[in-house]
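S.K.: My structure is below; once you've seen it, I'll send some questions.
Throughout, read-outs are computed from the coordinates displayed, never taken from laboratory work. Keep in mind that this is a model prediction, so the values were computed, not measured. Virtual Cβ from ideal backbone geometry, glycine too; neighbours counted across all protein chains shown.
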Amino acid sequence: MADSDSGAGLGRPRRRRHTAKEHGPDPIDLHVGGQLRIARELTGLTQTEVGRALGMSFQVIQKYEQGEIRVSASRLFQLAKLLRKSPDYFFEGLVATDVPGIGVLERSDIDLIRAFRSIQSDELKELLVRLARDIAERHGNASAEPNK
């Protein structure tokens, strides 16, 4: 297996990829795959028919449906068109809190973003970003390690 330190000259090891084979499918990929299966079945198409229409094997469609491989944005658009669905359909039922790192925006989040966007100076914006990162590293969640 390749050495995980292929960050070539950057001095930091590269993080190992999260793979469906080693870690199981991503919950969002599972959701999108489930939506794909439902849409396909509702249109009365088989995996083979969908695969042929898009120039791929039924095995790829099967892996999409099981969340084993991710559906690219362009492929998702093709699938939506073929199955007569909006691309949004594949994400229906997902809640922002289901996605790691994304939570529901609160009023204070929105106020902060609006205030930040109203600042004209790029230099001042960069300083504020650095300040926010520094505060988050020192006083954010327990898993963050502060720079010392």
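S.K.: What FRET efficiency do you get for THR48 and VAL95 if R0 is 25 Å and r is their Cβ-Cβ distance, rounded to the nearest 0.05?
M.R.: 0.15
S.K.: For ALA115 and ARG133, calculate 0.36 nm times their separation in residues minus their Cα-Cα distance, and state this gained length in nm to one decimal.
M.R.: 4.8 nm
S.K.: Restricting the calculation to Cα positions, tell me the Rg (one decimal) and the Dmax (whole number) of the range 21-96 in Å.
M.R.: Radius of gyration, then largest Cα-Cα span, for the range 21-96: 11.6, 34 Å.
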